[in-house]
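K.L.:
One structure follows; several queries about it will come next.
The values are calculated or read from the model by the stated rules, or taken from the named source; none is laboratory data. Since we're looking at a predicted model, the values are computed, not measured. With ideal geometry, Cβ positions are generated from the backbone for all residues, glycine too; neighbour counts draw on all protein chains shown.
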Amino acid sequence: MLLIRPLLIALSTYTRLPLPKVEFNEEDMKYSMCFFPLAGVLVGLVFWGWWHFSNWLQVGVLFRSAAFALIPLLVTGGIHMDGFLDVCDALASWQPKEKKLDIMKDPHMGAFAVIRCGMYLLAMLGIYSEIGSSRQAMLISLGFITSRSLVILMFNILPNARGSGMMQRFQQTQGKKAVLMAAGVFSLLAFAVGIKLLPVLFLLGMVAFALTSLWFRRVSMHQFGGITGDLAGFFVQVSELVFALVVLIAGRFV
């Protein structure tokens, strides 16, 4: 029972499941990040389920791929895409770190965010059109879990760029050991399933995740001085795109 409230906090924050509202307090927030990868599990289940349902409906590739691209946004409410777009606007400004952080806080969306959103969704539409089997669909589903587990790692090794906000509250109140252990458990489960499904493609995908993580660390430190909630969303979106791209393009040759 002690973990029910942290679970509800995590799922109500990172998904659009119709859950009862829970007041944030330090004791509940301490373990809520343990369940962040569970949001990825839910996205993955819907994603994989759509593969089978769309085959049963015998819909066209374009319609199926468009739904694939929309599923993560519908399940999460677009919370990570919001961060991705804010970061795109900030990076496009070529301003100093402090100004970039201010741009990310601005509720208005700039032209570059609109352009990057269109580019991202078109890219995912094309990438997902390459899914040719249930195993590949499941493998892509594992990426939604892994990306969020890696965010937890980034969250614990990178400084807070602002020193305030929701992420700061989570960083200050979290049970660090429990959160990292939970991320490790989710990662190991995803790894075990991926290795059994399509080992070569999954390992290539893990290399893609690792390289994306190193690139993200450099960008976040150099451009912003650390990590924020928006940057965490940016990492989720970019790493999932790179993972899916590598897995599906490599699948043409492996």
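K.L.:
Working only within the stretch 23-41, note down all residues that are buried (at least 18 other Cβ atoms within 10 Å of the Cβ) and free of Cβ contacts under 8 Å to residues at least 60 places away in the same chain.
P.N.:
ASP28
K.L.:
Taking helices (runs of 4 or more DSSP H) that do not extend beyond the stretch 1-84, which have at least 2 residues that are at pLDDT 95 or above?
P.N.:
In the stretch 1-84, 36-57, 61-76 are the helices (runs of 4 or more DSSP H) which contain 2 or more residues that are at pLDDT 95 or above.
K.L.:
Of the residues that make up the stretch 239-250, is at least one among the aromatic types (Phe, Trp, Tyr), surrounded by fewer than 16 Cβ atoms within 10 Å (Cβ to Cβ) and over 21 Å from GLN95 (Cβ atoms)?
P.N.:
No, the stretch 239-250 contains no residue that is among the aromatic types (Phe, Trp, Tyr), surrounded by fewer than 16 Cβ atoms within 10 Å (Cβ to Cβ) and over 21 Å from GLN95 (Cβ atoms).
K.L.:
Specify the residue that is surrounded by the fewest Cβ atoms within 10 Å (Cβ to Cβ); the eligible residues are those in the stretch 51-63 that are free of Cβ contacts under 8 Å to residues at least 24 places away in the same chain and either at negative phi or acidic (Asp, Glu) (or both).
P.N.:
TRP56
K.L.:
Where in the stretch 92-160 are there helices (runs of 4 or more DSSP H), lying wholly inside it, with at least 1 residues that are touching a residue at least 60 places away in the same chain (Cβ under 8 Å), surrounded by 15 or more Cβ atoms within 10 Å (Cβ to Cβ) and of a type in the set (Ser, Thr, Tyr)?
P.N.:
Output list reads 111-128, 134-157.
K.L.:
Now for a separate question. For the stretch 178-235, what are the residues that are over 18 Å from LEU142 (Cα atoms) and basic (Lys, Arg)?
P.N.:
The answer is ARG217, ARG218.
K.L.:
Looking at the stretch 192-232, which of its residues are of a type in the set (Lys, Arg) and either buried (at least 22 other Cβ atoms within 10 Å of the Cβ) or free of Cβ contacts under 8 Å to residues at least 40 places away in the same chain (or both)?
P.N.:
LYS196, ARG218
K.L.:
Among the residues that make up the stretch 12-22, is at least one of them more than 23 Å from ALA182 (Cα to Cα), touching a residue at least 60 places away in the same chain (Cβ under 8 Å) and either of a type in the set (Phe, Trp, Tyr) or surrounded by fewer than 14 Cβ atoms within 10 Å (Cβ to Cβ) (or both)?
P.N.:
Checked the stretch 12-22: no residue is more than 23 Å from ALA182 (Cα to Cα), touching a residue at least 60 places away in the same chain (Cβ under 8 Å) and either of a type in the set (Phe, Trp, Tyr) or surrounded by fewer than 14 Cβ atoms within 10 Å (Cβ to Cβ) (or both).
K.L.:
Same structure again: Is the stretch 113-121 home to any residue that is under 15 Å from PHE235 (Cβ atoms) and hydrophobic (A, V, I, L, M, F, W, C)?
P.N.:
no
K.L.:
Does GLY251 satisfy the condition of being more than 13 Å from the chain's Cα centre (by Cα), modelled with pLDDT of 95 or more and farther than 25 Å from ILE103 by Cβ?
P.N.:
The answer is no for GLY251.
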